[in-house]
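The values are calculated or read from the model by the stated rules, or taken from the named source; none is laboratory data. Because the structure is predicted, anything quoted here is derived from the model rather than measured. Backbone-built Cβ (ideal geometry, glycine too); neighbour counts: all protein chains shown. These area figures cover heavy atoms from the full protein model, side chains too; ligands, DNA and RNA do not enter into them. Shrake-Rupley method; radii C 1.70, N 1.55, O 1.52, S 1.80 Å.
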Amino acid sequence: MDSDPLLEELLSQIGDWGKYQYRQHMLHLLGGFLAGLHMLSIVAIAPTPSHRCYIQELDADVSTPTFNLSELKPYIPFKDGNYETCKKFDALTNETIGCEQFVYDGTYYKESRVISWNLVCDQRWERAIIQAIYIFGVLVGAIVLGPMADKYGRKTIFCISGVLQLFAGLASAFISYYPLYCTVLFFYGAFASAGSYISGFCLTMELVGPSKRTICGTLFSLYFALGVMVVAIWGYLIVDITILQIVYSLHSLTLFAHWWLIDESVRWLWGQGRTAEAVQIVKKATEMNGKPFDGKFDGKIVLPSTEGKSYGIGDLFKKPVLMSRAINVAFNWFANSIVYYGLSLNTGNLHGNPYLLLFFSGLAEIPGYILVVCIVDKTGRRSLCSTLMLLGGFACIIVAFISNGTVITTIVMLGKMSIAGSFAIIYNYTAELFPTVVRNSAVGVGAMAARFSGMLTPLLSLLDSVDKQLPTVIFGTFAILSAMLTLFLPETLNKQMPQTVEEGEHFGVGDTGYRTFLNFCRGRGTDEPKEVTEKLNVSESA
């Protein structure tokens, strides 16, 4: 089945790309940049410095505590060549006891929420909760704001989220009460890393033509990485964490004029039956792109089958094909996220300046995005996404079994590059797999799954107290499993995006990576799945 021919004819007048799409896309990209900045800001606001027990004999009269191993040996137990961070020797009995007070290494971190609240050792779980609460907010934002964007419009949710993320971010800078801080972080996550990002992404994917979807969608991920790099730069330059959080929050001011600068999605308006508004936007776009506008669309266009009908997440699970794809895609987002944040949030465990490592962690993603842009329109979405997930998963597992040093840092960066590439693909892939009427909901479900795993990541990292290798092995295993399941999805390269639920249900039926591979091995080439798909489409439509 093809998309609405009248809609495609209308959109064809502005072309795949032009000055109008460029201007709108650059405005949408700010949502991606801010999502990365706000998501990783917690790494600079609440880092965990090296720490140990307070020792009266060593720390009473000094402003800078020592972490010299030879000086600590009489007071702190040693294990595997390192001092214990949560234990000391009792001065009277010489038995090992827990810490009553802590001192922190100020080499890289002078201030931190962790230092303010002593979120180490027995309270370590509270630091994990801070990150988990933020990502739980992103999760709820994806659940609530994705369908709201399908119901009320992409532009509306984008702009509302831009305003609310500023206020939530500023509020978090001045709160010193832990439970209230976590509450504000929940709303900060919902609007800062869910609302604007998802809506902005869908606005772009529904605006540009098929030939530009790959590069435009990938640029959202690249701008997310730029946001991560900016977190590292400001974190290095600003010591006071209150001022630092204010600076991070003020970046959201860049979204305040968007209500007057961006347009609603033509595809969304058309799907809602608001055809007159859709036509006016296309007329504006053709004028800016220097193209003629076909006057036949100036008359009233009535679409009784779609006018006023709203769709949501529930519609993804009413049809068997859409449901199976939604589950598969959601797991893909889950696995990508758990590896991505597992590697990103643990850069502090690597040797070296943590801000520099965070900066290079963001920088390492860019080659992955360049690779995707250069070859994904040749390889297709399915095979490249699966391959990069395999590489990221294996990198995660390898890291678990080698010691810290240059080698582990290199593998972490390579793994980050691979998983960033697959993460970029799945955004585009999801938007292309699902029909317009539930596209924002589908991306929202994927984002919801990604944020659920992101929420679990800091909690799963606590398993290193059981076994140092366990968290990263779990992360890598998820990625490898999802890479195999991704091959069950149909290829979307050079295909028209479906418009209605019915079109989405028949889209690409019978086309899997495994069938393509088997046909290739049998010497039949790669065209048979397409033929099989066409036959299945005809039979199911009959």
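In order along the range 221-234, the phi-based Karplus estimate (6.51 cos²θ - 1.76 cosθ + 1.60, θ = phi - 60°) of 3J(HN,Hα) comes to 5, 5, 5, 4, 5, 4, x, 4, 5, 5, 4, 5, 5, 5 Hz; Gly and Pro are listed as x.
Work the Kirkwood hydrodynamic radius out for the range 5-132: mean of 1/r over every pair of different alpha-carbon atoms, inverted, in Å. Could you put the intermediate results ahead of the total?
Details: mean 1/r = 0.0533 Å⁻¹.
Averaging 1/r across every pair of different Cα atoms and inverting gives 18.8 Å.
Exposure check, 1.4 Å probe, all protein chains in place: I129 carries approximately 50 Å² of accessible surface.
Compute the accessible area per residue over the chain, keeping the other protein chains in place, probe 1.4 Å, unit Å². Write out the running numbers ahead of the final one.
Details: 22610 Å² over 542 residues.
For the chain, the solvent-accessible area averages 42 Å² per residue.
Between F488 and G513, the built amide H atoms are under 5 Å apart, and every one of these is 5 or more places off in sequence or on another chain. Under the combined filter of DSSP loop state and at most 16 neighbouring Cβ atoms within 10 Å, the range 220-267 retains these chymotrypsin sites (Phe, Trp or Tyr not before Pro): F256. Amide H to amide H distances under 5 Å link L493 with R381, where only residues 5 or more positions off or on other chains count and H is placed in the peptide plane.
In whole angstrom, the range 258-297 maps to an equivalent ellipsoid with semi-axes of 17, 15, 6, each derived as √(5λ) from the alpha carbon gyration tensor and ordered largest first. Over the range 141-247, Cα pairs under 8 Å with separation of 6+ residues give a relative contact order of 33 percent. Specify whether the C-alpha gyration tensor of the range 106-160 places it in the rounded, prolate or oblate class, a ≥ b ≥ c being the square roots of the eigenvalues: rounded for a/c under 1.5, otherwise prolate if a/b is larger than b/c and oblate if not. The shape class here is prolate.
If I take every Cα pair under 8 Å that is 6 or more residues apart in the chain, average their sequence separation and divide by the length, what percent do I get for the relative contact order? Please report the intermediate quantities before stating the final value.
Working: 943 pairs, mean separation 110.9, N = 542.
With pairs under 8 Å counted, the relative contact order is 20 percent.
Run down the aspartates and glutamates and flag those whose C-alpha is under 12 Å from the C-alpha of K319, throwing out any fewer than 8 positions away in its chain. Correct list for K319: E502, E503, E505.
Measure up K87/K468; K88/K110; K19/K283; K79/K468; K212/K296 against 22 Å on the Cα-Cα distance and list the ones that go over. Numbers along the way, then the final one.
Values: K87/K468 19 Å; K88/K110 24 Å; K19/K283 14 Å; K79/K468 14 Å; K212/K296 27 Å.
Those over the limit are K88/K110; K212/K296.
Taken along the Cα-to-beta-carbon direction at a fixed 7 Å, the label points for F488 and W259 span 4.5 nm.
A DSSP coil position with no more than 15 other Cβ atoms inside 10 Å describes the following chymotrypsin sites (Phe, Trp or Tyr not before Pro) in the range 137-215: F174, Y177. Just flag the chymotrypsin sites (Phe, Trp or Tyr not before Pro) in the range 372-472 sitting in loop per DSSP whose Cβ has no more than 14 other Cβ atoms within 10 Å. Answer by residue number: F401. Dipole orientation for the chain: of the candidates V114, F452, G98, F452 has the Cα lying most toward the positive pole (charges on Cβ; Lys, Arg +1; Asp, Glu -1). For the chain, the Cys residues with no second cysteine's beta carbon closer than 4.7 Å are C159, C182, C202, C216, C374, C385, C396, C521. For the chain, the Stokes-Einstein estimate of translational diffusion at 37 °C and a viscosity of 0.692 mPa s comes to 133 µm²/s, using the Kirkwood hydrodynamic radius over alpha-carbon pairs.
When all alpha carbon pairs of the range 357-511 are counted in 5 Å bins from zero, the resulting P(r) reads 2, 9, 15, 19, 20, 14, 9, 6, 4, 1, 0 %.
Evaluating 6.51 cos²θ - 1.76 cosθ + 1.60 at θ = phi - 60° for every residue in the range 453-458, the Karplus couplings come out as 5, x, 5, 6, 4, x Hz, glycine and proline recorded as x. Working note: Cα atoms of the range 167-253, range along each principal axis, descending, whole Å: 49, 27, 19. Each principal axis of the Cα atoms in the range 59-161 has its own extent, and those three values, largest first, are 68, 26, 23 angstrom.
Which value in Å is the Kirkwood Rh of the range 360-435 over different Cα pairs? Numbers along the way, then the final one.
Numbers: mean 1/r = 0.0780 Å⁻¹.
Across the range 360-435, the inverse of the average 1/r is 12.8 Å.
Rounded to whole Å, the principal axis extents of the Cα atoms in the range 54-109 read 32, 26, 19, largest first. Within the accessible area of the range 160-208, the carbon and sulfur atoms contribute 84%, probe 1.4 Å, all protein chains present. For the chain, a simple Cβ point-charge model (Lys and Arg +1, Asp and Glu -1, everything else neutral) yields a dipole of about 760 debye relative to the Cα centre. With contributions of -39500 (n - 2.57) from each DSSP H run of at least four residues, the per-residue ellipticity at 222 nm computed over the chain stands at -21000 deg cm²/dmol.
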